[in-house]
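S.K.: Encoded as structure tokens, here's the structure I'll be asking about.
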Amino acid sequence: LRYVVGITGASGTIYGQRLVEVLLLANHRVDLIVTDAGFEVGRLELGWETSKDNLESNIEFLNRFYASRGVPTENLRVYDLFNIASDIASGSVNVEAMIVVPCSMGTLASIATGQSGNLLERVADVMLKEKRQLVLVPRETPFSTIHLRNLLTVAEAGAHVLPAMPGFYHRPETLEDVVDFVVGKILNTLNLPQDILQQWMGD
Ligand SMILES: Cc1cc2nc3c(=O)[nH]c(=O)nc-3n(C[C@H](O)[C@H](O)[C@H](O)COP(=O)(O)O)c2cc1C
């Protein structure tokens, strides 16, 4: 299946990085859109060798990065944030779902108001108008009333709001376990089989 993943400049690039990995490992096609701030936060948080003005070298880096982890990259396509004429900007292209992870408050506001100011925002808008699955993973704390209103607006428009709020009842031992809690929740929302987050069987 074909999924669009958007990575914005909210903290938590690692969630998006991991979701892309899991989808590629399951042989899905991943159309990836990263905002300028997304590349910058990836650089700061994860040591990504990316910059905001060189898409070609960013693409090379992402391919190299996943290949070094044994992840097949032939189904990974990284889009230019400002190429509004990309195929996925149209509702006629059959995309299963879009996941924006992590989702900044800035991008959330743009989606909530239908701005479509870049390719990521446009695809999110297409998902809502076509009634396809749009999963937003917001990350900010505390929330202002503006953030909360925007979250309600997108939820009412049909988006799944799945905040990056890892639980601890599964007793995570590593950072990867914490990340996989959130990524596992995303996969559950997409109805994709997953074994990275165990179902809680009750106590
Ligand atoms: C290290 C770092 C962490 C940030 N964390 C957050 C965050 O958790 N949530 C948020 O909404 N913005 C956060 N920001 C601010 C966004 O990156 C900024 O608002 C940016 O304009 C968002 O642009 P985008 O939505 O196009 O990615 C962070 C910025 C930096 C540099």
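The values are calculated or read from the model by the stated rules, or taken from the named source; none is laboratory data. What you see is a predicted model, and the numbers here were worked out from it, not measured in a lab. No Cβ is skipped: glycine too gets one built from the backbone with ideal geometry, and neighbour counts run over all protein chains shown. Ligands, DNA and RNA are stripped out before the accessible areas are found, and what is left, the full protein with its side chains, is counted by its heavy atoms. Shrake-Rupley method; radii C 1.70, N 1.55, O 1.52, S 1.80 Å.
S.K.: Scanning region 47-72 for residues that are surrounded by fewer than 13 Cβ atoms within 10 Å (Cβ to Cβ) and part of a helix (DSSP H, G or I), which turns out farthest from the ligand (Cβ to nearest atom)?
M.R.: Only one residue fits best here, namely Ala67.
S.K.: Which members of region 116-151 meet the condition of being in contact with a helix residue (DSSP H, G or I) (Cβ under 9 Å, 6 or more places away or on another chain), open to solvent by 30 Å² or more (accessible area, probe 1.4 Å) and away from the ligand (no atom under 11 Å from the Cβ)?
M.R.: Ser116, Arg122, Asp125, Arg132, Gln133, Ile146, Arg149
S.K.: Here's a follow-up. Name, by its number, the condition in (1) assigned to a helix (DSSP H, G or I); (2) within 14 Å of the ligand (Cβ to nearest atom); (3) open to solvent by less than 10 Å² (accessible area, probe 1.4 Å) that does not hold for Leu19.
M.R.: (2)
S.K.: Here is a list: Asn75, Asn83, Asn94. Which entry is touching a strand residue (DSSP E or B) at 6+ places or on another chain (Cβ under 6 Å), among the polar types (S, T, N, Q) and away from the ligand (no atom under 14 Å from the Cβ)?
M.R.: After ruling out the rest, the residue left standing is Asn75.
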